[in-house]
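What follows is a set of notes on a single structure, which appears directly below.
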Amino acid sequence: MSFTIKEYFNLTKPGVLYLLMITAGASMVLATNFDLNLVTAFTGFLGIALIAGSSAAINQILDFKYDSVMERTGKRPIVTGKISIFSATLFAVLLLLIGSALILYFNNFLTWILTFATWIFYAFIYTKILKFSGVLNIVIGGLAGSMPPLLGWTAVVGTIDPLPLLLVLLIFIWTPPHFWALAINKKEEYAKAGIPMMPVVKGIEYTKIQIVLYSILLMVVSLLLFATGYFGYLYLFGASLLGGIFIQKSWKLKKSDGADNSMGLFLYSIVYLTLIFVFMIADKALITYV
């Protein structure tokens, strides 16, 4: 039974879900300035997580034939036959229904419609259309993964405000260099699966240049959050440090041979996104309580 539970959990792409929910949860804290209604926050957080997990399961159902020819995805539960497509579909529908019920009952319609639109965008539009549309697939498709700060924000305050939109922009710019670093490392696998990721179509060296440019743009966007007055000097220090390291690692990748250092950048990008939201929370706490 525990083994089966683990396989169903893997259908939700827990590694991706972790990043989505870190940003959604941090946004909830920022939206309320630490004055969270615990019931509202918990149900919103859980509802968003369940619907995100549902979209990940749908993605694996629809991507089954591509996942089966890639080493990176070859151990996913549908590919290995540990979970049938029918069972995975029921699981995805159940997560969607429970998540929707929680948000609609305890939170608000705005959050549900935004979350549901994100579900459709990732599970179907990105998975079946955008992923195969060309080298900018992950740039456009990255919008789905950028939405959690807005979803977390609306879940607890019920309005769309400028700060969560800037947080969406930050993750939107972060996504391409994060994913392209992985795509460089897995270029041959994507080529074998027929997925036109940038390293496959434009080559590794071209992709490295794009990663450097996006890492610089990421620094600019992160500092915009300070320049607009939303965060103070602790955040400025953190964003500058983290962004500087991101640019340094991007340049190191640019100067290296082939896929050398690509996974180092990919793994650091996860650390970056986690820590920059930690700095946001710490900065806001410093301003509020000190």
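The values are calculated or read from the model by the stated rules, or taken from the named source; none is laboratory data. Treat the numbers as computed from the prediction; the structure is a model and nothing was measured. Neighbour counts run over all protein chains shown; Cβ positions are idealised from the backbone, glycine included.
Identify, from the list Gly53, Gly15, the residue that is within 19 Å of the chain's Cα centre (by Cα) and at pLDDT 95 or above.
Gly53
Do we find that Leu97 is hydrophobic (A, V, I, L, M, F, W, C) and at pLDDT below 95 in this structure?
no
Tell me which residues, restricted to the stretch 21-57, are within 26 Å of Phe86 (Cα to Cα) and either crowded, with 19+ Cβ neighbours inside 10 Å or outside the structural domain of Leu90 (by TED's automatic domain parsing) (or both).
Just the residues of the stretch 21-57 that are within 26 Å of Phe86 (Cα to Cα), to begin with: 46-57.
Hits for the stretch 21-57 are Gly47, Ile48, Ala49, Leu50, Ile51, Ala52, Gly53, Ser54, Ser55, Ala56, Ala57.
Can you say whether Ser222 is under 23 Å from the mean Cα position of the chain (by Cα), among the polar types (S, T, N, Q) and more than 26 Å from Leu136 (Cβ to Cβ), as far as the supplied structure shows?
Against the criterion (under 23 Å from the mean Cα position of the chain (by Cα), among the polar types (S, T, N, Q) and more than 26 Å from Leu136 (Cβ to Cβ)), Ser222 does not qualify.
Just wondering, is there one or more residues in the stretch 101-114 that are within 16 Å of the chain's Cα centre (by Cα) and farther than 27 Å from Lys202 by Cβ? I'd like the intermediate steps shown before the answer.
Step one: filter the stretch 101-114 for residues within 16 Å of the chain's Cα centre (by Cα), giving 114.
Then keep just the ones that are farther than 27 Å from Lys202 by Cβ; that gives 114.
The answer is yes; a qualifying residue exists.
Inspect the stretch 24-44 for any residue being in contact with a Gly (Cβ under 9 Å, 6 or more places away or on another chain) and not in a helix (DSSP H, G or I) and give the result as yes or no.
So far as the stretch 24-44 goes, no, none of its residues is in contact with a Gly (Cβ under 9 Å, 6 or more places away or on another chain) and not in a helix (DSSP H, G or I).
Find the helices (runs of 4 or more DSSP H) located wholly in the stretch 198-287 whose residues include 3 or more that are out of contact with any strand residue (DSSP E or B) (no Cβ under 6 Å at 6 or more places or on another chain), among the polar types (S, T, N, Q) and surrounded by 15 or more Cβ atoms within 10 Å (Cβ to Cβ), and list them.
Once the helices (runs of 4 or more DSSP H) in the stretch 198-287 are filtered for at least 3 residues that are out of contact with any strand residue (DSSP E or B) (no Cβ under 6 Å at 6 or more places or on another chain), among the polar types (S, T, N, Q) and surrounded by 15 or more Cβ atoms within 10 Å (Cβ to Cβ), what remains is 204-227.
Report, by residue number, each residue of the stretch 66-93 that is without any contact (Cβ under 8 Å) to a residue 12 or more places away in the chain and of a type outside the set (S, T, N, Q).
Gly74, Lys75, Gly81, Phe86, Leu90
Hey, does the stretch 81-103 have a residue that's crowded, with 19+ Cβ neighbours inside 10 Å and more than 19 Å from Ile5 (Cα to Cα)?
yes
Consider the stretch 159-215. How many of its residues are more than 16 Å from the chain's Cα centre (by Cα) and over 30 Å from Ala31 (Cβ atoms)?
Matching residues across the stretch 159-215 total 30.
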